[in-house]
């Protein structure tokens, strides 16, 4: 019965250490959906947060547990989380539980993003922490298949389709890749890239003839797209395996490819359509829940994270770019240099058509994204009729906008009252 | 003994054929289980470039870069210790709650029996992630939040149906006449249970304890919500494993699998001594 | 009376435990599916779920997967258990090997099988090195729903047969050997012994194994996502989507109740189908 005895001792020890736990930490608990992979977490702890004197406990988490935990703390009225870090979209539905950060010093922080951080209220709900955007990446082997006269730094959607077709013809397999997997961020492509490039709109022209054309173009591109794309969520993986040669994705999700084989890949801007080169930022924010155990400590951590040096360290750790004005040192990793060049070319292009992230949707942010993802799955994967799907999804979209009462945002023209779906 | 009689009859040709079929099946089934594990190890011990290379080699050049990353990763040892504590408490709780229920279900007919069985199963039929929110709220209010015991209680809920049903079928398999014989020999119910039934089912109970351990070991969602300082290993590593570069994904998978294999190996005596009964 | 109270006493600890840690949170969650924010009873959420274009696909996929996987697993585990039964030497080692997948979580299983089936995976490498194919095949591409389904089936069978095996081996160990000896005397063939002795005597274990597997099969998720991406929606995936992406816990709860309902339905069916008549018990 020795076994049973030692099990009992174990159980007792476990129980005791459980009792002792609550008194332990005075560190600020930083609960984040970003930087949550093992490598990034390690870098966040060792390189970014080690300089914060009061001490911070960085805990990365998937979005499911992240939301569940913070909701539980808000419902219970007390908690452990000091600082929340996540995408703009995840803060939207937490709006009521976030402390007002208006009294914080935000000089040097990008003002457009600060405005986003108000989530359509008068309070500063979150402070921008870092940013990224979607660009394109190509294996240099793909460049010889570029259609005649195409400049890779200023592509159009038609040229991209030709390019994908050329590669497919030459190699016998589809070499264009698109992150349509379960964790892929495809909704932002439709909202911020395809729609603005064809309709100069994200919402109001949802079912216009131009939108129909955009979807048909995308369907054409899809026919030369690697069929495994519905499993791809991080295009760096397929670029590294040579499964695809040309891909569209988030800068942080291409970084590994750029860093591992910097000489084999190039980064370049997203393509342009009839109404310009649509693109959209990805904004990650940091906020403080109203239940934070140490409000002052939490705010100190946020100021620390907004300092230029910390922002540069964060860029090295996570491949997300700073949101404050900083001079980047010359010794940045290849991913930063390659994607930086692509971003500069994209935002500096003559036909640049930048869009904003959705605001004012409250709890409905997820359903708003679903309108675009569902349209994609029905039209492109399901092969349903474009017009019918758009009409059907437009009804859903209209109902959502009306329920949320959200006015239009760029590139749609500002509206009084809810953004109309024409 | 049945298997003896089966093995004895190898004189005629049909039985030789049978024996080939037998050996062949056993080998095929072993390969079926082992090859995927081997492939996981191949990717774990390959250099990052080799993991994304094509075609892949069946025998890699050993490279321990990815594994070393996890060994050096701060917090792994602590998370491992938390995992062991939580799983051990889960094991004890689920058996001490489940075995009496299993015995009652197998030996008595009473009102509410079927209701109870369905209730126990419902805990597995309803998705845990949805339950995590109200549980976390409750835990924060009563102070069970971020504790080994709190997480172990949730894992016990997951393991309980296994404990109840396995012990139920174990007890059902033991003829009631054995117990009745003990009663007529002057034992009371408890004595009969302790002296006659318990030794017979002990190995089976150990097996269901192992399930409890493994269930707790592999549970991620509740662990990620309900623990922070006491994160278990899967919650600690798997948060973000899906977003990690390929080579770390595989190494992380292996880091997760190996302790469980080791554990099953260490306790296999209990798992398989169920066989002791067969040869009684 | 002592022995009338005894079963309830034995059940009390686990029943109390379940009430606090399962029923209480369960009622709170399930409530959301029936009641609006303002406290009125509604079927709105169930309607929203049932009319969503993915609902039927997810339901059918989940049921199909369970029906394809579970019976196969039961038969395979029965076969494995009889093999173990007939083994003279090396039984411990073989059983250990066959129960290895017990320790492997569904997440890890998904990673392992993705490494096999992906376009640059082991299966393609293997077939190419043998010269069967020129170019790697995209097994998991969106047009190949059939191969995706088979891949998920294989991964699930690989991952979760061990639990059935252990339950059945334990159950077989409890069948008195005298039965087989008697059958031997009457010259019953081995197949006859299997169908007339092993199977009927194994009913309680078979029932347990089937119920557990069916219930877990309806909650299949991690392996499906790893191999199928967004191609094969299942109920559990929809629950996650509604709860965490669409932020609508009412519809998520409605989905969860559907999973619960079909689980209970199948449980009762199996309990009824494999019931042991009174008096026939050993």
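The values are calculated or read from the model by the stated rules, or taken from the named source; none is laboratory data. Since this is a predicted model, take the numbers as computed values, not measurements. Note that we place each Cβ from the backbone using ideal geometry, even for glycine, and neighbour counts take in every protein chain shown.
Can you name every residue in segment A:175-185 that is under 19 Å from residue A:223 (Cα atoms) and either without any contact (Cβ under 8 Å) to a residue 12 or more places away in the chain or more than 9 Å from chain C (Cβ to nearest Cβ) (or both)?
If the condition is that a residue be under 19 Å from residue A:223 (Cα atoms) and either without any contact (Cβ under 8 Å) to a residue 12 or more places away in the chain or more than 9 Å from chain C (Cβ to nearest Cβ) (or both), then A:175, A:176, A:177, A:178, A:179 are the ones that fit.
Residue check, residue C:221 against (1) within 16 Å of residue C:59 (Cβ to Cβ); (2) more than 10 Å from chain A (Cβ to nearest Cβ); (3) at pLDDT below 90, all met but one. Which one?
Evaluating residue C:221 over (1) within 16 Å of residue C:59 (Cβ to Cβ); (2) more than 10 Å from chain A (Cβ to nearest Cβ); (3) at pLDDT below 90 leaves (3) as the failure.
Pick out the one residue from C:45, C:96 that is over 30 Å from residue A:243 (Cβ atoms) and over 26 Å from the mean Cα position of the chain (by Cα). Outline the logic, then answer.
Working: C:96 fails: over 26 Å from the mean Cα position of the chain (by Cα).
C:45 is the lone residue from the list that is over 30 Å from residue A:243 (Cβ atoms) and over 26 Å from the mean Cα position of the chain (by Cα).
Of all residues in segment C:258-282 being modelled with pLDDT of 85 or more and within 8 Å of chain B (Cβ to nearest Cβ), which is surrounded by the most Cβ atoms within 10 Å (Cβ to Cβ)? Talk me through it step by step, then tell me what you get.
Initially, segment C:258-282 is screened for residues modelled with pLDDT of 85 or more, giving C:258-274.
Adding the requirement that they be within 8 Å of chain B (Cβ to nearest Cβ) leaves C:259-260, C:263-264, C:267-268, C:271.
Values: C:259: 22, C:260: 20, C:263: 24, C:264: 15, C:267: 21, C:268: 14, C:271: 16.
Filtering first and then ranking leaves C:263.
Restricting to helices (runs of 4 or more DSSP H) lying wholly in segment B:140-222: which have 2 or more residues that are in the same structural domain as residue B:84 (by TED's automatic domain parsing), without any contact (Cβ under 8 Å) to a residue 40 or more places away in the chain and farther than 30 Å from residue B:129 by Cα? Walk me through it before giving the result.
Numbers: elements: B:148-172, B:176-184, B:189-192, B:198-218.
Where helices (runs of 4 or more DSSP H) fall fully within segment B:140-222 and carry at least 2 residues being in the same structural domain as residue B:84 (by TED's automatic domain parsing), without any contact (Cβ under 8 Å) to a residue 40 or more places away in the chain and farther than 30 Å from residue B:129 by Cα, they are B:176-184, B:189-192, B:198-218.
How about segment A:222-244: which of its residues are more than 8 Å from chain C (Cβ to nearest Cβ), touching a strand residue (DSSP E or B) at 6+ places or on another chain (Cβ under 7 Å) and assigned to a helix (DSSP H, G or I)?
Result: A:235, A:238, A:239.
Kindly establish whether residue C:7 is free of Cβ contacts under 8 Å to residues at least 24 places away in the same chain, within 9 Å of chain B (Cβ to nearest Cβ), over 30 Å from residue A:68 (Cα atoms) and assigned to a helix (DSSP H, G or I). It would help to see each step written out before you state the result.
Details: free of Cβ contacts under 8 Å to residues at least 24 places away in the same chain: yes; within 9 Å of chain B (Cβ to nearest Cβ): yes; over 30 Å from residue A:68 (Cα atoms): yes; assigned to a helix (DSSP H, G or I): yes.
Answer is yes for this residue.
Anything in segment A:358-407 that is assigned to a loop (DSSP other than H, G, I, E, B) and buried (at least 22 other Cβ atoms within 10 Å of the Cβ)? List them, or say none.
Step one: of segment A:358-407, the residues assigned to a loop (DSSP other than H, G, I, E, B) are A:358-361, A:382-385, A:405-407.
Within segment A:358-407, A:358, A:361, A:406 qualify.
How many residues does segment B:144-153 hold that are at the interface with another protein chain (Cβ under 7 Å from one of its Cβ atoms) and either closer than 29 Å to residue C:160 by Cβ or surrounded by fewer than 24 Cβ atoms within 10 Å (Cβ to Cβ) (or both)? Give the steps one after another, and end with the answer.
Residues of segment B:144-153 that are at the interface with another protein chain (Cβ under 7 Å from one of its Cβ atoms), as a first pass: B:146-149, B:153.
Still in the running and either closer than 29 Å to residue C:160 by Cβ or surrounded by fewer than 24 Cβ atoms within 10 Å (Cβ to Cβ) (or both): B:146, B:148-149, B:153.
Of the residues in that region, 4 qualify.
Return the residues of segment C:105-114 that are at the interface with another protein chain (Cβ under 7 Å from one of its Cβ atoms) and either surrounded by fewer than 24 Cβ atoms within 10 Å (Cβ to Cβ) or more than 14 Å from residue C:154 (Cβ to Cβ) (or both); say none if nothing qualifies.
Selection gives C:105, C:107, C:108, C:111.
Going by what's in this entry, would residue A:172 be described as surrounded by fewer than 19 Cβ atoms within 10 Å (Cβ to Cβ) and either touching a strand residue (DSSP E or B) at 6+ places or on another chain (Cβ under 6 Å) or at pLDDT below 95 (or both)? Outline the logic, then answer.
Working: surrounded by fewer than 19 Cβ atoms within 10 Å (Cβ to Cβ): yes; either touching a strand residue (DSSP E or B) at 6+ places or on another chain (Cβ under 6 Å) or at pLDDT below 95 (or both): yes.
So residue A:172 fits the description; yes.
This table checks each residue for (1) part of a helix (DSSP H, G or I); (2) surrounded by 24 or more Cβ atoms within 10 Å (Cβ to Cβ).
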| position | (1), (2) |
| --- | --- |
| C:157 | yes, no |
| C:169 | yes, yes |
| C:175 | no, no |
| C:179 | yes, no |
| C:193 | yes, no |
| C:196 | yes, no |
| C:200 | yes, no |
| C:205 | yes, yes |
| C:209 | yes, yes |
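Mind listing just one residue for me: the one in segment C:25-50 that is loosely packed, with under 15 Cβ neighbours inside 10 Å and within 13 Å of another protein chain (Cβ to nearest Cβ) and, of those, modelled with the lowest pLDDT?
C:37
Collect the residues in segment A:45-66 that are part of a helix (DSSP H, G or I), surrounded by 21 or more Cβ atoms within 10 Å (Cβ to Cβ) and more than 12 Å from chain B (Cβ to nearest Cβ), keeping them in residue-number order.
A:48, A:49
Go through (1) within 11 Å of chain B (Cβ to nearest Cβ); (2) farther than 23 Å from residue C:167 by Cβ one by one and return the number of the condition residue C:241 breaks.
(1)
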